[in-house]
């Protein structure tokens, strides 16, 4: 028995070491490539006059589609913020997805809406639309409100796309906060490409917990006070500045965040719209659109903007965060299995040969392998005789690399957009990087395992995602508004 455990321990040690080195190499390459790409982007855009986009005769028209469910506390302010976006040819489509509160009546009253006869076609499936509302006030001529039977976020987005008549679709969570010039920056790639059709672009999503909010806009940026929200700042910075930046450049991007994304409306419709069969509709749509264009043998591109364009509230409790990560895992697995045909297929280019395999091995399989490797090590430590010097060396190496990667991400942020101006905020982020591997990473692994198990069990649905809400400093003390 002792010899068997020793043989298995030796084999497992080598497998874990190989996987660890592969992950580290991938992360280093992505970080270096992101740094190079980010530098090129900043240099290229330092001379851009975005006002010229407003005046350009070929500027695409945009529909900003915002699903809303039980948002009565802040829907009026959120719609006002969307209407104040800086762009010349856009509309805001708010989709009331069967709210059970007074969300619809509040927005009708605030913007003097009336039910109108409005022509549209159900080009992609969605629940029945009960009515379309427009304002009597010409100041809000670009606001459209849809009332429909509840069908979930993906279904609500499909309804908004059906009603829209613009060239581009910008999907956003109604409680997210967009930068005023977000549309200008996101539309720019659609104007630049000449030999390839841009079908989608995403932007950086930042965390607004503890920030000062006034009238639906970020007025003062603060680092989140709670550790759980603060550690997600590191996560988001690594993912957006050091991951998606590189994959977009390599043409292997699989995901545009559901909090903010802009898409070619016709391609979305031809690809079938958002899927209501998955809890990861944002990732699944991008993969399906890319697959559609590849199989049509059309040249296309999915781009990414590193500027912070959108701010959102992240969970600050373990219970809600666990539900979110569970859903993310299930959505990833559903997308990967639904589109498994892409796996290592040269027909799909970098997207199939590198992008999909990376997500398969490093985003989905890595937590599973890590969990079972740790489980085996515990059993081996009880019944066998581990090589403790190797174990300590490997742990030190992994910990040092993880902390270094996070600090590198913080430096990326400070050398580029420098949103956290106070030195103590930067020091807190670095301190959080040292604590993350002990107090947070094990939880993400457990949530990933639970998500895989729930996927096997056939669990559907998002789960209840309660939010604390943002505190609007313009609303007076003690009044909380969720944006």
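What follows is calculated from the coordinates using simple rules that are stated; it is not laboratory data. Just so it is clear, the structure is predicted and the values come from calculations on it, not from any experiment. Don't worry about glycine lacking a Cβ; one is built from the backbone with ideal geometry, like all the others, and counts go over all protein chains shown.
Report the normalised scattering of the stretch 1-123 as log10 I(q)/I(0) at q = 0.12, 0.16, 0.20, 0.21 Å⁻¹, calculated by the Debye formula with identical scatterers on the alpha carbons. Taking Cα atoms of the stretch 1-123 as identical point scatterers yields -0.78, -0.96, -1.14, -1.18. Applying 0.36 nm per residue to the separation of residue 372 and residue 150 and subtracting their alpha-carbon distance, the gain on full extension is 75.9 nm. Derived from the Cα gyration tensor, the three semi-axes of the equivalent ellipsoid of the stretch 170-288 are 27, 16, 15 Å, largest first.
The fraction of all Cα pairs in the stretch 257-399 landing in successive 10 Å bins from 0 to the largest distance is 9, 28, 30, 19, 10, 3, 0, given as whole percents.
Rounded to the nearest 0.05, the FRET efficiency derived from the C-beta distance between residue 121 and residue 225 at R0 = 56 Å is 0.70. Treating each Cα of the stretch 386-437 as one equal point scatterer and applying the Debye formula with no solvent, the log10 of I(q)/I(0) at q = 0.19, 0.22, 0.29, 0.32 Å⁻¹ comes out as -0.66, -0.78, -1.06, -1.16. What fraction, in whole percent, of alpha-carbon pairs in the stretch 101-152 exceed 16 Å separation? Roughly 44 percent, once rounded to a whole number. Each label was represented as a point 7 Å from its Cα along the Cα-to-Cβ direction; for residue 112 and residue 88 these points are 2.8 nm apart. Report, in degrees rounded to the nearest 10, the 0 to 90 angle that the Cα long axis of helix 227-239 makes with the longest principal axis of the chain. The answer is roughly 90 degrees.
Relative to the dominant Cα principal axis of the chain, helix 2-45 is inclined by about 40°.
Over its Cα atoms, what ratio of radius of gyration to 2.2 N^0.38 Å does the stretch 269-351 give?
The reported ratio for this selection is 1.30.
Per residue, the average separation of C-alpha pairs within less than 8 Å and at least 6 apart gives the chain a relative contact order of 18 percent.
How big is D, in µm² s⁻¹, for the stretch 347-423 by Stokes-Einstein at 4 °C and 1.567 mPa s if Rh is the Kirkwood radius over C-alpha pairs? Translational diffusion coefficient: 80 µm²/s. With one equal scatterer per alpha carbon and no solvent term, the Debye-computed log10 I(q)/I(0) for the stretch 26-80 at 0.15, 0.20, 0.24 1/Å reads -0.83, -0.82, -0.90.
For the stretch 150-216, would you read off the P(r) tail past 18 Å as a percentage of all alpha carbon pairs? So the pairs more than 18 Å apart make up 54 percent of the total in the stretch 150-216.
Derived value for the stretch 100-232: Kirkwood hydrodynamic radius 17.9 Å. Basis is the mean of 1/r over every pair of different alpha-carbon atoms.
The angle separating the long axis of helix 388-416 from the principal Cα axis of greatest extent in the chain is about 30 degrees. Rg and Dmax of the stretch 45-115, both derived from C-alpha coordinates alone, stand at 15.5, 48 Å. Computed from the C-beta positions of residue 139 and residue 29, the FRET efficiency with R₀ = 45 Å rounds to 0.30. Diffusion coefficient of the chain by Stokes-Einstein, Kirkwood radius over Cα pairs, 25 °C, 0.890 mPa s: 103 µm²/s.
In summary, the convex hull built on the alpha carbon positions of the stretch 314-353 has an orientation-averaged projected area of 3.5 nm².
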